[in-house]
Amino acid sequence: MVIKDLIAKEILEQNSYAAPVYTKNIRVRLDANENPFSLQEPLKKKLLEQISKVNFNRYPEAGSPGLREGFAGYFGVDRDMVMPGNGSDELIQLLCLAFKGKINGVLVPDPAFVMYKIIAVNTGNKVMEVPLDDNFDLDTDAMLGKIGINYPAIVFLSYPNSPTGNLFSREKIEAIIKKTPGVVVVDEAYAAFSGDTLVPLLKKYDNLIILKTLSKLGMASMRLGFLIGNKDIITQLDKVRLPYNINSLSQVAANFFLDYSTEFANQVNEVVKRREELYLALKEINGINPYPSRANFIYFSCFFDSDRIYQNLTAEGIFVKNLNKPPRMANCMRVTVGNLEENASFIKALKSVISELGA
Ligand SMILES: *Cc1c(COP(=O)(O)O)cnc(C)c1O
């Protein structure tokens, strides 16, 4: 058997997705856009009590009807418009599987969340990329042009965008929703930090789908994402979904999140405050150019070699994301907004690394 004769060329050609491998000296983890606050002890105890009631010998509730109901209330939509997933990554995969074949592939802006492209390719979809304009907003003319010629089945957009942190303009998104023959997936992984959402547009457009996740809100370990969209789409996606995609522990954690949603919302507010401080601190450093952010991370370009900055920060146990990719993202990095101490350690280390490089 020759493995490479059996595996699709697109998969063979790919590098594996580089999920971070942390070195032993890790002190500050600002590379994955997680919530910096871990669950407080009294709350953790309550969650563990609820988990102790799980029947470990039984399958989880199939299709998670309880979560559909609870999160429909949380998002302010009808019960049959919500579908939970094993992280929103799973929902992206389901969309790519279900919408494959009839028309023509997946359209994404560039730069965008890298998983759209990886998942689309792995599920056998063609991928089309359209660069963002100079303000990191959508280039509507170019996107509508591609849509008119290629008829993509899915357009993926993040609101706010990752890794740039900005919100695309609504008019541009609506123009794309109106023009596309397929579905437009608006990924709101970071919307809580922006104070904005396109959920109300679901009433207006039946080809709009919105993704949410608890991963950036304090529950990354539990892998919980939600798709919100018209019920006819969800009926079809439910056929593609694996029967028990949300395990019993994650179901308990999701309900717990709803019960304590105010505590989680308070943490979001605190992160937003820290974001503004971190932005100002970065702006004060010579040779660092941060972009305003509506998410829980900040995108910045460096006058210096960001590979060196990354290596030196890592050596100090401080992890950020190095996005260095010429021409557009040459020497660009992304830092997650952490708590007070984490942000201070990061800024201190960054200053000292830069003064070494500049010297
Ligand atoms: C983190 C992230 C996701 C993945 O979320 P999971 O629910 O953890 O799978 C999806 N979209 C964007 C834009 C993200 O940044």
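Bear in mind these aren't lab numbers, they're just calculated from the coordinates by the rules spelled out. Not measured: the values here are computed from a predicted model. Every residue, glycine as well, gets a Cβ built from its backbone with ideal geometry; the counts of neighbours run over all protein chains shown.
Summary of computed values
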read-out	value
Value in Å of the Kirkwood radius, where the chain supplies the Cα pairs that are averaged	21.6
Pairs beyond 19 Å (Cα-Cα), from 146/172; 321/351; 100/178; 117/146	100/178
Normalised per residue, the volume of the convex hull around the Cα set of segment 292-359 (Å³)	85
Packing-based order for 76-89, 35-48, using average beta carbon neighbours within 10 Å, highest first	76-89, 35-48
Order of 146, 9, 126 - criterion: other Cβ atoms within 10 Å of each residue's Cβ, fewest first	9, 126, 146
Sum of -39500 (n - 2.57) over DSSP H runs of 4+, divided by residues of the chain (222 nm, nearest 500)	-12500 deg cm²/dmol
Ranked packing of 318-324, 154-160, most packed first, by mean Cβ within 10 Å	154-160, 318-324
Normalised alpha carbon radius of gyration of segment 56-261 [divisor 2.2 N^0.38 Å]	0.98
Bridge type composition, the chain - antiparallel percent by DSSP, nearest 5	55
Under 5 Å, built H, 5+ apart or other chain: amide partners of residue 139	133
Local electrostatic count, residue 142, Cβ distance below 12 Å [Lys/Arg +1, Asp/Glu -1]	-4
Choice from 194, 16, 221 showing the highest fluctuation, given a GNM over the chain with Cα pairs closer than 10 Å	16
Other-chain or far-sequence residues with amide H under 5 Å of residue 128's (modelled H)	106, 107, 108
Partner lysines for residue 46 [C-alpha distance under 22 Å; skip if fewer than 8 residues away on the same chain]	216
